[in-house]
Amino acid sequence: DFFVFRVQCEKCGEEIEVRARKSTDLMANYDEEIPSHYVLKKEILGTRCNNLIYANLSLDGNLRVVNAEVRGGHLL
């Protein structure tokens, strides 16, 4: 029961598959200014380098990304 997405490191180009558990990693969004149902915040570390990637995703009720902020890489 996971939400899966991929990011790419901006330093080394490594593509990383990220698995977020729906029951514990997804947070309900109660902020009325942001039109999303869930928020996911993850710190991601690949295997090639020590670059830490920060992902902050807003998801709708069908778990589609409506807004993504990724530092240290980008969403694939």
Selection count where residues are under 15 Å from F2 (Cβ atoms) and basic (K, R), scope segment 15-65: 4
Pairs, first without any contact (Cβ under 8 Å) to a residue 40 or more places away in the chain and within 25 Å of R48 (Cα to Cα) in segment 17-29, second of a type outside the set (A, V, I, L, M, F, W, C) and part of a strand (DSSP E or B), C-beta under 8 Å, six or more apart: E17/R6; V18/R6; V18/K42; A20/K42; D25/K42
Among (1) at pLDDT below 95; (2) exposed (fewer than 12 other Cβ atoms within 10 Å of the Cβ), the one test that E69 misses: (1)
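The values are calculated or read from the model by the stated rules, or taken from the named source; none is laboratory data. On a predicted model such as this, the values are computed, not experimentally measured, just so you know. Every residue, glycine as well, gets a Cβ built from its backbone with ideal geometry; the counts of neighbours run over all protein chains shown.
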